[in-house]
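A.B. asks: Take a look at this one; I'll ask things after.
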Amino acid sequence: MSDRSAFKKFDFDEAYHEALSAMADNEVSPSVRAALIQLAANDPKAAERIARYHAQNAALQALFPLRRGNTPRISIPERLPWKQRTRVAATWVAIGFLLGVVHCR
């Protein structure tokens, strides 16, 4: 087995496991779900992995209960324009300089 074929197998395995995880989280379309179920039907390890994903999801729900549709929103504030960030930085440098001068007197 060459290095290249091992890498391709790794890519497939990782993508397959990510797809199984997404299926357990109900994050795939019905057609993808049907294809994954068909692939997993011949793979006993896949069925075990899906069961573990479901158990993990249940444990997380027990620890951190969230109702569906009531998930907290994460908002990231917009960054200030670069000119304004530069002015703020220069102001802090000037304040630091002035405090240093006053302190040294």
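A.B. asks: Arrange the following residues from fewest to most other Cβ atoms within 10 Å of their Cβ: 79, 87, 49.
C.D. replies: Numbers: 79 8, 87 12, 49 17.
The fewest-first ordering by Cβ neighbours comes to 79, 87, 49.
A.B. asks: Please report the net charge: other residues with Cβ closer than 14 Å to the Cβ of residue 22, K and R +1, D and E -1. It would help to have the intermediate numbers written out before the result.
C.D. replies: On the way: positive: 33, 49; negative: 14, 18, 25, 27.
Result for the neighbourhood of residue 22: -2.
A.B. asks: Label-point separation (nm) for residue 54 and residue 41, each offset 7 Å from Cα along Cα-to-Cβ?
C.D. replies: In this crude label model, residue 54 to residue 41 measures out at 1.7 nm.
A.B. asks: Also: Suppose R0 equals 35 Å. What FRET efficiency, 1/(1 + (r/R0)^6) with r the Cβ-Cβ distance, do residue 84 and residue 13 give to the nearest 0.05?
C.D. replies: Numbers: r = 48 Å, r/R0 = 1.37.
So, using R0 = 35 Å, E works out to roughly 0.15.
Since every read-out is calculated from the coordinates, none of them should be taken as a lab result. Treat the numbers as computed from the prediction; the structure is a model and nothing was measured. Neighbour counts are summed over all protein chains in view; Cβ atoms, including those assigned to glycine, are modelled from backbone coordinates with ideal geometry.
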